[in-house]
1. Modelled label-to-label distance, D:Val11 and A:Ala167, 7 Å Cα→beta-carbon offset: nm?
2. Just to be sure I understand: of the beta bridges DSSP finds with both ends in the stretch B:58-190, what percent are antiparallel, rounded to 5?
3. Sort D:Ile12, C:Ile392 so the one with the fewest other Cβ atoms within 10 Å of its own Cβ comes first.
4. Exposure proxy check: D:Tyr14, A:Tyr68, C:Tyr244 ranked by fewest other beta carbons within 10 Å?
5. Please give the length that would be gained between C:Arg273 and C:Ile65 if that part of the chain were fully extended, namely 0.36 nm times their separation in residues minus their C-alpha to C-alpha distance (nm, one decimal).
6. Length gain on complete extension for the stretch D:Ile168 to D:Met101, per 0.36 nm per residue less the alpha carbon to alpha carbon distance?
7. When you take every Cα atom in the stretch A:265-355, what is the radius of gyration, and what is Dmax, the widest Cα pair distance, in Å?
8. So if I place +1 on the C-beta of Lys and Arg and -1 on the C-beta of Asp and Glu, and nothing else carries charge, what would the dipole magnitude of the stretch A:47-204 be about its Cα centre? I want it in debye, nearest 20.
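Derivation of every value follows stated rules applied to the coordinates shown; laboratory data play no part. All values derive from a computational prediction rather than experimental measurement. Backbone-built Cβ (ideal geometry, glycine too); neighbour counts: all protein chains shown.
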Amino acid sequence: MGPQHPSTHGVLRVKLKLDGERVIGSECMIGYLHRGVEKIAEHRSYQQFAPYVDRMDYVAAVSNGLGYCEAIEKLLMVEAPPRARVIRTILTELQRIASHLLWLGTHALDIGALTPLFYCFREREEILKIFEKYCGARLTTHAFRIGGLQYEAYDTLEKDVERFCKAFESRIGDYEELLTQNRIWLGRTKGVGILKAADAIAIGATGPVLRASGVKWDIRKAMPYAAYDQYKFEIPVGTTGDTYDRYLVRMEEMRQSRLICLQAIENIPAGPIMAKVGKVLKPPPGEVYHAIEAPKGELGYYVISDGTVQPYRVRIRPPSFVNLQAFDQMARGHLVADVVAIIGTLDIVLGEVDR
Amino acid sequence: MADEPKEQQPSGMPAGDKPASSAAPASTPPAKPAVASPPGAAPPKPAAPPPPKPPVQLQTPLNNELVGRVRAKFGGALVEAIEDRKQAILAVERGRLAEIALYLRDEEKFDLLSDLTAVDWPKREKRFDVVLNLYSFAKNERLRVKAHAGDGEEVPSVAGVWPTANWLEREAFDMFGIVFAGHPNLARILLPDEWQGYPLRKDYDIIEQDTGWVKENLGIESGQ
Amino acid sequence: MQGLTQATLEFVNQYWAPLVCGLAIVAVLPLIVGYVVLVERKLMADMQARLGPMRVGPHGLLQPIADAVKLLIKEDIIPDDADKLVFWLAPVLSVGAALLAMAGLAIGPAFQIAKDINIGILFVVGVSALGIFGIVLGGWASNSHYSLMGALRSSAQLVSYETAAGMALVCGLLFAGTLNMTSIVQAQHEQGMWFGLLAPVAFFVYLVASIAETNRAPFDLPEAESELVAGYMTEFSGFRWSLYFLAEYTNMIVVASVATTLFLGGWLRPFPRTHWLDFIDFLPPLLLVAIGVYCLMRTPKQPARVQQLFMLAVAGLCFTVAVVLAAPVLLRTPFVNPLLASAAKPFYEGIHGGFWFIFKVSAYLYFFMWLRFTIPRYRFDQLMRLGWHFLIPLSIINVLLIGIAMIAGSYLHLEGGWLLLATIPASIIALIVALFILAMEQKSERQQAGGAAPDPYA
Amino acid sequence: MPLRILMLDQVIFYFFAAIAVVSAILTVTRRNVVHSAIFLITALLATAGIFLQLRAEFLFIVQIILYVGGIMVLFVFVIMLVNLDVAVRQLQFARQKWVAMLISLALAAQVGLMLWSTGKMPGQGMPVLVAAPVDKLPPNSEAVARSLFESYLLPFEIASVLLLVAMIGAVVMAKKRA
């Protein structure tokens, strides 16, 4: 299946070894979208590198930005003010819903259901409108700054988010109605691409892929960052770790994110939105590894500073790159038609895989 | 990007490698990672405008029970244990990395290898740092294990211990040229196989490209 | 001289009338298919919270013509080492089969091209089976591995679902007693009961099998399979591709009309024999009047002047058809002298019959389209397993049960509506058997859940 | 029956017969396998046309469904699935030329005898079939059905059992191979 394949979410080439219809081995050829982000990081100042981070996982740009800014704040031993942290949480959760919506739409399209795609894009459009009103950009938002936020929350932010969350509850009902009990959908996803818990941990899968295999671990709960410790939300966990469980986990995650947003907009604390951080950042020499729960999994930043304006080394731990490793063992023994479903359920974004 | 890539040697970094190291484990390897520069030697650069931060103690020697157990088990292999910004870092000897990794996974329950990457310190004699970021579900803790490797020296592969290291090590090889002994199929993962040179090394200039490969495959003079 | 005119007259009605009707069908059909495609795109858009084609003509009403012109102009690429003869023949074969099948259909009591050929339904089914060649040869001629695989898959699907469809038809024919289209509808008229109600399971099996046979909705695997791209149609472009497209939609119409004739009572009014329900006759004209009024209301909103004219024309069309439909009904009412009424009788049946037939066919097509937008696609082996393990045994058992019910019915000399007493238990037993097969299927699926799905070609 | 109608029937009959003969010849002579399959299909369709022309619609549709819709589909399937380039290259017919010549001669002799003997019979040589008027003939599907299920029920049952056995045999063989 060549790089221009209609259903590989970007430029991914999969070499399949087939016995008739059955897949007996596979090898992912990646690197088509490699832009050398980490090399560029070593030649840019900390603030200048922030927009590059959005281009990696272009579907969930806001959470990339959050991860990077928080990593540098940890490096500077600086804490973002509470108001900034709450607004950051709201925007990141909205981005998670948007990312899952895009996943649901394209995944359902690959398996043949035409309608969910348009429903998902209708909701996603509303979220992108909120981003546009907040920071002018829809996709690569560069919404956050190191130390806090650049823009004050626009006045109708709470109302927009509330209107969206109110409408979203019935919308998820629509998707569930279309797919969850649908016999053909079950036929195409039940028992496809099974990844047991032990294998998931061994292969380093994180995020919904890991949780669907039964491991109850979410960085937002385990090591809360931004303002996640102030809100109550559950972590959905699957049982068998097949495509259907990943579908259920992500649907439940969308609901939880909606709850977080609702709790967050109730009281956005007043106060400054930017910590005391100078124009020129020269973090004291040293290193830090900071990971956040991106929609695809654990997104980690390992930043080493040598006291100068430019980071000495920025290493980005991409969840899609690691989750894609599980593809080979998941695809084995399935038919070619299932390969499409498995790529969909891993929810990989090639910008992040190749960096 | 308006600014031109500054190549000048970052001023503040203490030049050369400082042999002295605070904790005095039995056999200190000659070179000491500049990163864990002794606290006293280089006064932490106070960021210009912010209020003069007290020279906070960033790299403090770490001595919790984990370090104790590891030192008891491996003694010399554990070169150094420090804590940077409340994150535990163990520097271990390159030769026994795989063994220590197995120990950390089984006894210490660090069952998830979040990330495996490498850092290039051209100034140091043992040039590369292979950095493993581990996480344990049971203890909800992170640990960073480092091993120093010179150019061309082989680092034992941990793909056996954590299968996720397979691609991560291939990427480290692709970007830095570090050879991992015992890796199932060590080959380039992101760049084309015939690409010459290792991009993420400090001496590999950002403008530079494998012009040979570009000319031959893409048929254009040069990437720029 | 007299001999000559008599001979030509006989010659005309024997050979020329069908020829002219045939030509009419071949000319009108692409237009009908074009508008069926437009309706489908509009429906799909409506279900997906968007508008669908709006640009060409008011509400995209001229879109099909634009499509047809585009397809005609598009460059016709022939893969270089493809087999010229077969490459040209394949689409023609599949369109020919589909159009030929159209000839056998009885649109209304009056309008049927092949005047009640004795083997009606068999003719339609047999000829549409020729369509498989179009697909297989098309796949082979385009000489690419993928389209060949797609062609083989879709023909395997067609062949296996034809058996299921055939058995379902047999079950329907048990009630009708004859193969001739018009007499089947006559039988339904006499018994006053649609066969679809007498044998619901057969109707369901035929419905599913007909969807699979026209490669649509959940069974449109050949062109949907991601690596087969467009299945056997990949290499065809421009007009050749539109021939296949025309064949697919004509097949859909053929299948829909066979179902309406056999199961939904052809051109009969919903309750043909119950006279106190006669007001149903007024329904068609009222419906068309309503559409006409709606168009009138919409005309001022049309932005462009020409679109307003077009909407007016559509409204006018609806009104004239409404009048045409209303005329025979009014004539038959008591206060019109019987002489005129009797003259209007055949005229009334023809027009109303035609309306009801088209209404039922479009309802059937609506169901096709509705399925296509909502449910995802079957994998090829699931599709074959459904066909062989579930549909075919179910339809055979159903024929058996309906047969027994018929004998019991004749033994207790139940007539018409009373026959339901016998057929309902038969249908229930058939459903129980269906559930049993499904349960067995589930069990066997669970056993080899570990192993992968069985290879369809094994 | 005015001459003109009769004449039209004749024209249609010869038309179909010509197609049948030509495509039969082409089937044999074609080098490309799929082309010969197509010509075989046209030959069968032409014979079906002749059935129809003789007002035997049931036979017409059975011919189409059985031969063209059933058997020929399998032929084309086999041609597609089995990669035939190898078979085409080997020329096996070289040796049987003489045997084929002999058989065709015998066949020609037989046909000649039949033609010659009719000359002896009363009536003018070739028995010219008169196209039966359309409405007098009983609808022949009933006729076929009645004869099949009443007068020849036993052979019909035996044939169906035979078919069943053949089908089961095929399934068993396929199962073993898979």
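1. According to this spin-label approximation, the distance is 7.0 nm.
2. Just about 80 percent of them are antiparallel.
3. D:Ile12, C:Ile392
4. So the ranking, lowest neighbour count to highest, is D:Tyr14, C:Tyr244, A:Tyr68.
5. 70.7 nm
6. Length difference between fully extended and current span is 20.2 nm.
7. Spelled out, the Cα radius of gyration and Dmax of the stretch A:265-355 are 19.5, 57 Å.
8. It comes to approximately 220 debye.
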